[in-house]
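The values are calculated or read from the model by the stated rules, or taken from the named source; none is laboratory data. Computed from a predicted model, the values in this text were never measured in an experiment. With ideal geometry, Cβ positions are generated from the backbone for all residues, glycine too; neighbour counts draw on all protein chains shown.
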């Protein structure tokens, strides 16, 4: 996995990404310069989980995701249903759940972190809410 060049100074390798538009930058100074001009949010889901509250030093790892079954990949309508769900948005206001999601997302071993998170009732409830939205027919009565 290669590094990208800082979009602000165009001199150094980027170590970070803007939490709003995901533009690569290399330092706090470049981040401040980048923020002098308003940028676009990258997606409503990032906004709903509090990505704007990510610290300047937090970086989510870049990785390619591979799935064994193409049916595991959510479509646009399913993703929009999740974003539009008041129940999901309300759940995402929970700071503990936000931190848990950030921890999983930024982990070098996200599968292990996810397995550990599933041991907690709060995270299991959250994932069941998502599943009820994306696969309502598979839920028990």
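Couple of notes before you dig in:
- Residue under evaluation residue 47, criteria (1) modelled with pLDDT of 60 or more; (2) part of a helix (DSSP H, G or I); (3) not assigned by TED's automatic domain parsing to the domain that holds residue 131, criterion not met: (1)
- The range 95-122 - residue that is surrounded by 14 or more Cβ atoms within 10 Å (Cβ to Cβ) and more than 15 Å from the chain's Cα centre (by Cα) and, of those, nearest to residue 80 (Cα to Cα): 117
- Test: residue in the range 4-13 that is modelled with pLDDT under 85 and loosely packed, with under 14 Cβ neighbours inside 10 Å: no
- Residue 128 vs. criteria assigned to a helix (DSSP H, G or I), surrounded by 12 or more Cβ atoms within 10 Å (Cβ to Cβ) and free of Cβ contacts under 8 Å to residues at least 40 places away in the same chain: no
- For the range 87-116, the set of residues classified as within 20 Å of residue 133 (Cα to Cα) and touching a residue at least 12 places away in the same chain (Cβ under 8 Å) consists of 87, 88, 89, 91, 92, 94, 97, 98, 101, listed by residue number.
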